[in-house]
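A.B. asks: This is the structure I want to talk about, given as structure tokens.
Quick note: the coordinates plus some simple rules give every number you see, no bench work behind them. Since we're looking at a predicted model, the values are computed, not measured. FYI the Cβ positions are ideal-geometry reconstructions off the backbone, even for glycines, and counts take in every protein chain you see.
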Amino acid sequence: QVQLVESGGGLVQAGGSLRLSCVTSGSTSSIAVLSWYRQAPGKQRELVASISSSGRTNYVDPVKGRFTISRDSAKNTMFLQIDSLRPEDTAVYFCAAMSGLRRYWGQGTQVTVSS
């Protein structure tokens with residue numbers, strides 16, 4: 001079992017920045033990949049970025065150059081630095097962990113970007 005807790009969301013103006021955090025606990029040594037997803041109102045949840053246990057990162061095209069995913073394995077924490085925020089980035093952001101064949105989810109943190 002893996003537990004995840006996100007924090008760091010909030011209301012920011014367009015062009016601003018936020019740093020989201022995701023603290024993991026439980027069987028953290030079994031986590032192969034950590035990811036950030038987001039779900040905007042009325043839309044499906046979508047992958048934003050991921051980072052493997054070896055540190056390899058992957059981003060979807062709309063966020064490349066603005067989002068940076070990282071992890072501090074010693075603190076069992078993953079981060080998402082979001083710069084140059086746009087109104088279309090408004091969503092609930094979820095962190096997820098792949099452990100074996102199972103994906104675990106956090107409860108989400110709201111990011112709202114005003115224009």
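A.B. asks: Each residue of segment 99-108 in turn: what ³J(HN,Hα) in whole Hz from Karplus with 6.51, -1.76, 1.60 and θ = phi - 60°, glycine and Pro shown as x?
C.D. replies: 9, x, 9, 10, 10, 9, 10, x, 8, x
A.B. asks: For segment 56-115, just the Cα set please: Rg and Dmax, both in angstrom.
C.D. replies: When restricted to Cα atoms, segment 56-115 yields Rg and Dmax of 13.0, 41 Å.
A.B. asks: Still on this model: Mean 1/r over all different Cα pairs, inverted: what Kirkwood radius does segment 1-40 give, in Å?
C.D. replies: Working: mean 1/r = 0.0818 Å⁻¹.
Computed over Cα pairs of segment 1-40, the Kirkwood hydrodynamic radius comes out at 12.2 Å.
A.B. asks: Also, I was wondering about something else. May I ask you to give the average projected area over all directions of the convex hull of the Cα atoms of the chain, in nm² rounded to one decimal? Present the calculation step by step, with values, prior to reporting the outcome.
C.D. replies: Values: hull surface 26.7 nm².
The number I arrive at for the chain is 6.7 nm².
A.B. asks: Show the residues, 5+ positions off or on another chain, whose built amide H is closer than 5 Å to the amide H of Gln3.
C.D. replies: Residues meeting the criterion, in which the H sits 1.01 Å from N, are Ser25, Gly26, Ser27.
A.B. asks: What is the antiparallel percent of DSSP beta bridges lying wholly in the chain, to the nearest 5? Intermediate results must be reported in sequence, preceding the final value.
C.D. replies: On the way: 42 of 46 bridges.
Roughly 90 percent of the DSSP beta bridges within the chain come out antiparallel.
A.B. asks: For segment 21-62, evaluate the Debye formula with one uniform point scatterer on each Cα (no solvent term) and list log10 I(q)/I(0) at q = 0.20, 0.29, 0.32 Å⁻¹, rounded to two decimals.
C.D. replies: Relative scattering, expressed as log10 I(q)/I(0), comes to -0.73, -1.07, -1.14.
A.B. asks: What is the local net charge at Leu47, summed over the other residues whose Cβ is closer than 14 Å to its Cβ (Lys, Arg +1; Asp, Glu -1)? Each step should come with its number before you reach the end.
C.D. replies: On the way: positive: Arg38, Lys43, Arg45, Lys64, Arg103; negative: Glu46, Asp61.
Result for the local shell: +3.
A.B. asks: Between segment 43-63 and segment 64-115, what is the C-alpha centre distance in whole Å?
C.D. replies: Result: 9 Å between the Cα centres.
A.B. asks: Now, a different point. What is the local net charge at Gln110, summed over the other residues whose Cβ is closer than 13 Å to its Cβ (Lys, Arg +1; Asp, Glu -1)? Intermediate results must be reported in sequence, preceding the final value.
C.D. replies: Values: positive: Arg38; negative: Glu6, Asp89.
For residues surrounding Gln110, the net value is -1.
A.B. asks: Which value, in Å to one decimal place, does the Kirkwood hydrodynamic radius take for segment 41-83 when every pair of different Cα atoms is included? Walk me through the numbers on the way to the answer.
C.D. replies: On the way: mean 1/r = 0.0872 Å⁻¹.
About 11.5 Å, per the Kirkwood formula over Cα pairs.
A.B. asks: Net charge within 12 Å of Val23 by Cβ-Cβ distance, Lys/Arg positive one each and Asp/Glu negative one each, not counting Val23 itself? Please list the in-between numbers first.
C.D. replies: Values: positive: Arg71, Lys75; negative: Glu6, Asp72.
It works out to a net charge of 0.
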